[in-house]
């Protein structure tokens, strides 16, 4: 189980973490299984965990004043999931994080991750690479949100994250893209008949 | 001029950078003035600069296939501006970055910033704090994009960045929010008469 995280650190840093350094990583994480529809974190509570997804699929969503769910993030194998704002600032979260499939996680806490960044230079480097990648991905998603047509949004999702399109149902994909399910359904039909 | 950057580092790190450490920061940055409508970086070129805005106002935007400008980022005093993807990955930028007002910058390059992070622990810490703040701000903006009504989007902008609303014209604010100028104009009128 920890091997997935080890491979992930190696791939993001372009290095090979050795056994003695990886012991610190192992010590900072705890395995956890979350069954489908169960929660990692709830709206109104502090999100105490940062989780690496070994197997499964999760989503992070907010429920608006009209009772509508909006999915801000999906997570599948090799993705991290947490409410970064709540986790870092220790403020109540706006989000729910639940499992869409039975999910195996490696979870850590703020204290452990702070210590680990001092103990493991490669984990520290990985975190920096992820921050950079996240910044770039968020910039691209914001650009798509404000400038793309509905069809362009879906085409970009298929191109960047085809696995999301395979794993999650259409209503969730629509939510993630900020489209109504009806609009996404219409677009996909139009794309089929072109 | 460098004092603005010094104060910024102190405020983000909660520390006081001393003279000897700040000498490394000064050596890594060059003052630059960009007149209104002039460019820091062009679409199709590698964005070679990361800039700290001492005075003035800038915008980062993309022009879509239909010739429409979409503003992904504003920058005013104490903001940083660059195309992070192009700057980090050395790939051609999709964006233009230009001055909306005459602007005074402190600019640095990828090489200098890499060296500086080794030389100055407080600059390094500031960069980490900014990455975290950016992650959180991007998450909130994505949530607004996919879940808020047009009016909620504008209200959030007024709440989070009132200075943007004072400094930039309505058509640019609309672009930043992913609204048409007509929609934003209608909303603002409705808000006045409520």
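A compact table of results
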read-out: Sole exception among (1) surrounded by fewer than 18 Cβ atoms within 10 Å (Cβ to Cβ); (2) within 17 Å of the chain's Cα centre (by Cα); (3) not in a loop (DSSP other than H, G, I, E, B) for residue B:101, by number; value: (3)
read-out: Residue that is farthest from the other protein chains (Cβ to nearest Cβ), among those in the range A:70-88 that are without any contact (Cβ under 8 Å) to a residue 60 or more places away in the chain and part of a loop (DSSP other than H, G, I, E, B); value: A:79
read-out: Residue satisfying condition, being in a helix (DSSP H, G or I), within 14 Å of chain B (Cβ to nearest Cβ) and surrounded by fewer than 15 Cβ atoms within 10 Å (Cβ to Cβ), within set A:118, A:131; value: A:118
read-out: The range B:136-153: number of residues that are crowded, with 20+ Cβ neighbours inside 10 Å and more than 7 Å from every other protein chain (Cβ to nearest Cβ); value: 2
read-out: Test: residue in the range B:158-179 that is more than 7 Å from chain A (Cβ to nearest Cβ), in contact with a helix residue (DSSP H, G or I) (Cβ under 6 Å, 6 or more places away or on another chain) and within 21 Å of residue A:60 (Cβ to Cβ); value: no
read-out: Conditions (1) surrounded by fewer than 18 Cβ atoms within 10 Å (Cβ to Cβ); (2) away from chain B (no Cβ under 12 Å); (3) under 28 Å from residue A:55 (Cβ atoms): number failed by residue A:190; value: (3)
read-out: Hey, residue A:52 buried (at least 20 other Cβ atoms within 10 Å of the Cβ) and either modelled with pLDDT of 95 or more or more than 19 Å from residue B:140 (Cβ to Cβ) (or both) or not; value: yes
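The values are calculated or read from the model by the stated rules, or taken from the named source; none is laboratory data. What you see is a predicted model; the values in this text were computed from it and never measured. Methodologically, a virtual Cβ is constructed for each residue, glycine included, from the backbone with ideal geometry; neighbour enumeration extends over all protein chains shown.
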